[in-house]
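The values are calculated or read from the model by the stated rules, or taken from the named source; none is laboratory data. Model, not experiment: these values are computed from the prediction. Methodologically, a virtual Cβ is constructed for each residue, glycine included, from the backbone with ideal geometry; neighbour enumeration extends over all protein chains shown. With ligands, DNA and RNA removed, areas are computed over all heavy atoms of the protein, side chains included. Shrake-Rupley method; radii C 1.70, N 1.55, O 1.52, S 1.80 Å.
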2 protein chains.
Amino acid sequence: MQVDLLIRHAAQVVTPRGRGPARGAAMGRLELIPDGAVAVRDGRIVAVGSTAAVEASISEAAEVFEARGQTVIPGLVDPHTHLVWAGDRVAEFEMRLKGATYLEILQAGGGILSTVRATRAASMEQLIAETRGRLDRMLLHGTTTAEAKTGYGLEWETERRLLDVLHQLNGLHPLDLVPTFLGAHAVPEEYRADPEAYVGRLIEEMLPAVAALRYPTDGPWHPPWADGRAAWFCDVFCERGAFDLAQTRRILEAARRLGFGLKVHADEFEPALGATPLAVSMGAISVDHLVSTPPEHLEILARSETIGVVLPGTPFGLGTGHYAPGRELIDRGGALALATDLNPGTSWCESMPMMMALATRYIKLTPAEALTAATLNAACAIGLGHEIGSLEPGKQADIVLVDAPDYRHLAYRYGINLVRTVIKRGRVVVRDGALQIPGG
Amino acid sequence: MQVDLLIRHAAQVVTPRGRGPARGAAMGRLELIPDGAVAVRDGRIVAVGSTAAVEASISEAAEVFEARGQTVIPGLVDPHTHLVWAGDRVAEFEMRLKGATYLEILQAGGGILSTVRATRAASMEQLIAETRGRLDRMLLHGTTTAEAKTGYGLEWETERRLLDVLHQLNGLHPLDLVPTFLGAHAVPEEYRADPEAYVGRLIEEMLPAVAALRYPTDGPWHPPWADGRAAWFCDVFCERGAFDLAQTRRILEAARRLGFGLKVHADEFEPALGATPLAVSMGAISVDHLVSTPPEHLEILARSETIGVVLPGTPFGLGTGHYAPGRELIDRGGALALATDLNPGTSWCESMPMMMALATRYIKLTPAEALTAATLNAACAIGLGHEIGSLEPGKQADIVLVDAPDYRHLAYRYGINLVRTVIKRGRVVVRDGALQIPGG
């Protein structure tokens, strides 16, 4: 067999296995191949194994990567980002250091709503430029696929512009995006006196408009599985000051009727509003945050098909020191994924390895569990476990070379970038730590 | 005036000012120049101010950096690193996550002494290659000067080899190093039965040998202020299981007689062994760690000329969540500096911006205080406040351009690298985020 790309003599090739999420103890079981190799053809992985075995199975390789001293892992997947916004909230960061709480800032009309104002005022060009910078940083840190939410528009015109940005960049940038509609991110200022009217608008106008919207999928970097749907998922921020449980249920029910997959921001601050059991009962693909989820709700989640997505960057970014009970979710047999929560308020960090460094230290995941949570389980949390998230023949060739002889360095070391090479669908897009995007 | 380099139209030029450390409330007072410029000639800063004012003072510039949208800060200074070692301790990291105690790690062959074994066994070539990789990552994250300790030899031959590595790299690499002798890092295995004999050896043989040793200073990157001394400082790890207070005093007294400046690892774990008041009374230039320093010792430190160096990477790396009372030291009027503690056991992180991100969130420094702690005060903690640490005419032209419109982004965002350009003594050594070392 002739192949396009052969990576060989890696210190380790390390990957979870499967098309569905790893649960409980299985999250810690990685395949680890010393002196490993991966072969790629037509954008797909065709062989994974020892260098000797893979070389025996192929006749010729158009490009060969000598990976001595490096570790080869699946492309990282970030299943929860608020990717598209304008501006920053650095002043709010400094206020918070001096004692203001997140909910105080939110209730004072700051927080999310200040980014909504900046985003509504931004041009398409500004939004694309700022978002592209974030995509570049994500790719440089090994993220090859990410979920991306709207939610800084909160009115049809701007939410639609955010979807435009996502779909345009999905075709132009190698990092694949899975779009989520998060019109229910906050109640916009103009509806403060009548939040129910905004919920009605979401259900009756915005969700149907998103469901009806289609985008072209013929850009140079659109993934083969892109189907033109404006959003695959509908997400709701269920929290005091955002949407209550009854509103969350109504929005999710409307979304389900329209064919959206469901996601919920659950238990980020207030304990036990009930969003986790609600999301599970409605068949959500993931519930995200889980910082204050009580044990009985964790147990419901662990016994379900829903994936728990924990976002350690948020407690870190806020400096609270109070992290999600992700260890407990795994110990109860659940499936856990990691994400950055990339956003300008609580956690502006594009790096999934940083999330692995946080999750090992503060949620007590093992490095193996953290890798599974950042690859296979993260892929499953956005409906792509059959395409990405592991190094196995047939899967999309999204591959990362790490400049360390052991995958655990990704969590052991922190605050720097060990990713040297990133391969997206068989094409090299980061080389020697620098972007090198064909046609980009 | 003709200049070699002009940086202009920066969103902000931001710097502390002075040749001595900023203390107490003064740590938060930065000079902040919108639309700022810096001019460089013969490796020194010759003008800092608004672009209009700086341009009016010069006639021609050989190279011009347009810094629109970027922030210009002084080169970062890392005043506490264990830079030179071989190997890693990733297995120990995983054991600790699973709850292994210090003793269990020791019995499994872990801890400082495992790095001592690996370092003693390493060739000069291996040590230089591994150390150079760390220097490259530090430089890419904006560190232009660092202190570097020995301490993984614990016998003359290897300690001497570590000094050889430091001095060789100081001449070959743009990042300037200030060497510290830390023979008193741990009691080596061969002296376990008789630690006093090792202390005697340190005092009678090793310290005099270090004091007598001189290195050439004619490498292409040796700083003009390098004077060939093998080590400027002597440091002692005063801790239960390392060196007790009486031993620390004897080693420091011997070092002082030989002309070394003094540094102490104080109060990292055990509370109030008394290392902080001892170090202050002996005129140490810094006391480092301070995690468990009691208020009465903080007060002694705050009233002294000694700088408190806090190392938030260590509690972060260990996942303890218990940080040094640096806020309190500043509030008592003391001078605080930040450092990475770069080492393979507790904190393998080369990034000073990561330390600023930790110090703001967990020690409650303001971003302004964190910048002062990572520049001017860090320079003073290694005796170089007159040369580096601020952007002022006459100082060495060590300058960092940050890809953000406000210096606070260095702490607000985290886990990624915002440093785009690094200038060392007037020469560009990082351009567009990539190393570009003339003659390197």
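So here's what we get for this one:
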read-out: Count of region A:228-254 residues which are in a helix (DSSP H, G or I), touching a residue at least 40 places away in the same chain (Cβ under 8 Å) and open to solvent by 10 Å² or more (accessible area, probe 1.4 Å); value: 2
read-out: Where a residue in region B:153-168 is within 14 Å of B:Ala86 (Cα to Cα) and its partner, wherever it lies, is open to solvent by 10 Å² or more (accessible area, probe 1.4 Å) and in a helix (DSSP H, G or I), with Cβ under 6 Å and at least six apart; value: B:Thr158/B:Arg120; B:Val165/B:Ile128
read-out: Some residue of region A:258-278 being assigned to a strand (DSSP E or B) and either modelled with pLDDT under 95 or open to solvent by 10 Å² or more (accessible area, probe 1.4 Å) (or both); value: yes
read-out: Restricting region A:316-339 to residues that are modelled with pLDDT of 95 or more and within 14 Å of another protein chain (Cβ to nearest Cβ), the residue that is nearest to A:Arg23 (Cα to Cα); value: A:Ile330
read-out: Boolean, B:Asp235 is closer than 22 Å to B:Glu205 by Cβ and over 24 Å from the mean Cα position of the chain (by Cα); value: no
read-out: Hits in region B:282-299 - residues which are part of a loop (DSSP other than H, G, I, E, B) and of a type in the set (Val, Ile, Thr); value: B:Ile285, B:Val291, B:Thr293
read-out: Residues located in region B:255-298, provided they are in contact (Cβ under 8 Å) with a residue 24 or more places away in the chain, farther than 21 Å from B:Gly313 by Cβ and basic (Lys, Arg); value: B:Arg256
read-out: The listed residue being of a type in the set (Val, Ile, Thr) and closer than 19 Å to A:Leu410 by Cβ, out of A:Thr71, A:Thr51; value: A:Thr71
read-out: Subset of region A:1-49 [among the charged types (D, E, K, R) and over 28 Å from A:Gly334 (Cα atoms)]; value: A:Asp4, A:Arg8, A:Asp35, A:Arg41, A:Asp42, A:Arg44
read-out: Failed criterion for A:Gly394 (all others in (1) farther than 25 Å from A:Leu83 by Cα; (2) small (Gly, Ala, Ser); (3) touching a helix residue (DSSP H, G or I) at 6+ places or on another chain (Cβ under 8 Å) hold); value: (3)
read-out: Filter result (small (Gly, Ala, Ser) and in a loop (DSSP other than H, G, I, E, B)) within region B:188-211; value: B:Ala193
read-out: Odd one out for A:Thr375, checked against (1) more than 25 Å from B:Thr314 (Cβ to Cβ); (2) within 14 Å of another protein chain (Cβ to nearest Cβ); (3) open to solvent by less than 10 Å² (accessible area, probe 1.4 Å); value: (2)
read-out: Pick from region A:342-362, criterion more than 9 Å from chain B (Cβ to nearest Cβ) and closer than 24 Å to A:Gly18 by Cα, ranking: farthest from the chain's Cα centre (by Cα); value: A:Ala359
read-out: Total residues in region A:405-419, condition under 19 Å from the mean Cα position of the chain (by Cα) and more than 7 Å from chain B (Cβ to nearest Cβ); value: 3
read-out: Count - residues of region A:378-394 that are over 14 Å from the mean Cα position of the chain (by Cα) and either open to solvent by 10 Å² or more (accessible area, probe 1.4 Å) or acidic (Asp, Glu) (or both); value: 5
